[in-house]
1. Only Lys, Arg, Asp and Glu count, each charged at its Cβ (+1, +1, -1, -1), so figure out the dipole size of segment 34-115 about its Cα centre, rounded to 20 debye.
2. With an 8 Å cut-off on Cα pairs and a minimum separation of 6 or more residues, tell me the relative contact order of the chain in percent.
3. As a check on your grasp of the helix formula, calculate [θ] at 222 nm for the chain: sum -39500 (n - 2.57) over DSSP H runs of n ≥ 4, divide by the residue count, round to the nearest 500.
4. Restricting to bridges with both residues inside the chain, how much of the DSSP beta-bridge set is antiparallel, in percent to the nearest 5?
5. If the cut-off is 25 Å between C-alpha atoms, which lysines fall inside it for LYS186, apart from same-chain ones fewer than 8 positions away?
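Read the figures in this text as sums done on the coordinates, not as results from a lab. Owing to the predicted nature of the structure, the values given are computational and were not obtained by experimental measurement. Glycine gets a Cβ as well: all are built from the backbone with ideal geometry, and neighbour counts include every protein chain shown.
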Amino acid sequence: MSNSDEPKWAAGLAKPPAWRAETEETVFENPWIRLTRHRVLAPTGNPGDYAVMRPKNAATGVLPVHDDGTVVLVGQQRFALGNYSWEMPEGGAPLGEDPFDGVRRELAEEAGLEAAQWVPALTMELSNSVTTEMAHTWIAWGLSPVPVAPDPTEVIAVVRVPFLDLLEEIGRGTVRDSLTVATAYKAYHMAHNGELPPALAQAMLGRV
């Protein structure tokens, strides 16, 4: 991490030694992830046994906002938790690909939309104690329809809801996808602080 990537309050603060991997063994691999096991030395100097899940894609997501302040969400079954999840259009971009190209593709494939305007929202480390997975999200507007092309394993529902309703459902715990939650709160912050077009922000915040 360079100094420019650090919080302002961290400037000049001493840091403990980094974790040190003494060995690396691939214990599982498929086209999407690689799981490695390591003998390590912790920052304290104590030895340990550590596993890391290494995705071969960066996570990407976009919150599409219509001119009337409604946002587009998709619903689908998720295998790992065995639940039905409402979330913004999301997907993966191979590590050699620009994540922005990946997220534009996902917006078209899942929601049947393209956007004229985009602004970066967040770059996040997802569960950084056990995985190297990074996420990149955007807010997009100036939406127009294009043909949908979902993945062969996906059955996707598409809805359009007021932005404030999305925030309410996040607060109720019915929308729990981490990229969607974080990006929605960032969008609220940006709308309040003049980082989005005024008319769009007013529509999102119910001030039309």
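1. For this selection, approximately 800 debye.
2. It comes to 20 percent, rounded to a whole number.
3. Details: 4 runs with 45 residues, N = 208.
Estimated from H runs of four or more residues: -6500 deg cm²/dmol.
4. About 85 percent, rounded to the nearest 5.
5. Output for LYS186: LYS8.
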